[in-house]
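To start, the structure under review is shown below, and the notes come after it.
Derivation of every value follows stated rules applied to the coordinates shown; laboratory data play no part. The structure presented is a predicted model; accordingly, all values stated were derived computationally and were not measured. Quick reminder, even Gly has a Cβ in these numbers, built from the backbone with ideal geometry, and neighbours come from all protein chains shown.
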Amino acid sequence: MGRLVKSRYTIMASGEDGSLILYNSMSGSIASVRKEKSHIIRSILRNGINDDELLGKELARGGFLVSEEVDETNRLKALYYKRYQNNNHLHLILMSTEQCNFRCVYCYEKFLRGKMPQEIQNGVFNYVKRRINHLDSISVEWFGGEPLLASDVVLGLGERLFHLAKEHNIPFTSSVTTNGYYLTRDLVQKLLSIGIDHYTVTL
């Protein structure tokens, strides 16, 4: 029997209703705990719990708890190497447009370029197609500007890349960083259908 302890990447915050909000920046997991149960979870995160207990297993599944024997720094380095340094993994950050419908005071963009031209879209696709037989996985992050201001680019090129990976049985993940203004139910369904299932909404 081992012990589970709070991950160094677990952040706690209180909701307006007294609930406990948990976020783990390594796993990306978010959890909300009702007010009446929050003291139990706080105690577990503070003191640890045996790894054979149900609550411990649930919290470990989200990455909020880890084995006390785990070196999280080395784990993070290994994940980084696997994702960004391994030549068999292709990680693309694509800007569908530099334009944005907001003008947030902290933004560093100059808004000089508009929508990604079709020839650039074709070039990205052909580049991936040339490498596809030597890849173990593909990840695509959509960025901007506001990437969904050019949702036709995200949907068009995103669908081509999604199906290319699917045809070659290559694991494919995709995400978008957005201000959320254009996230209608209809658009979200379309994005999900081409593998874009992780959303970072800037506030």
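Annotations
- Here the chain is treated as an ellipsoid with the same Cα gyration tensor; its semi-axes, largest first and in whole Å, are 36, 23, 15.
- Magnitude of the charge dipole for the chain, about its Cα centre and with charges confined to Cβ atoms of Lys, Arg (+1) and Asp, Glu (-1), is about 240 debye.
- All C-alpha to C-alpha distances of region 90-196, sorted into 5 Å bins beginning at zero, yield P(r) values of 2, 12, 24, 23, 18, 12, 6, 2, 0 percent in whole numbers.
- Local electrostatic count at ASN101 - Lys and Arg +1, Asp and Glu -1, tallied over other residues with Cβ under 13 Å: -2
- Each Lys and Arg Cβ is given +1 and each Asp and Glu Cβ -1; about its Cα centre, region 108-203 then shows a dipole of about 200 debye.
- With a simple spin-label model that places each label point 7 Å from the Cα along the Cα-to-Cβ direction, the separation between LYS57 and VAL70 comes to 1.6 nm.
- Short-range pairs are left out: with C-alpha atoms under 8 Å and at least six residues apart, the relative contact order of the chain is 16 percent.
- With contacts taken as Cα pairs under 8 Å at a separation of at least 6 residues, region 118-203 carries a relative contact order of 32 percent.
- Bins of 5 Å from zero: percent of alpha-carbon pairs in region 12-65: 4, 21, 30, 27, 14, 3, 0
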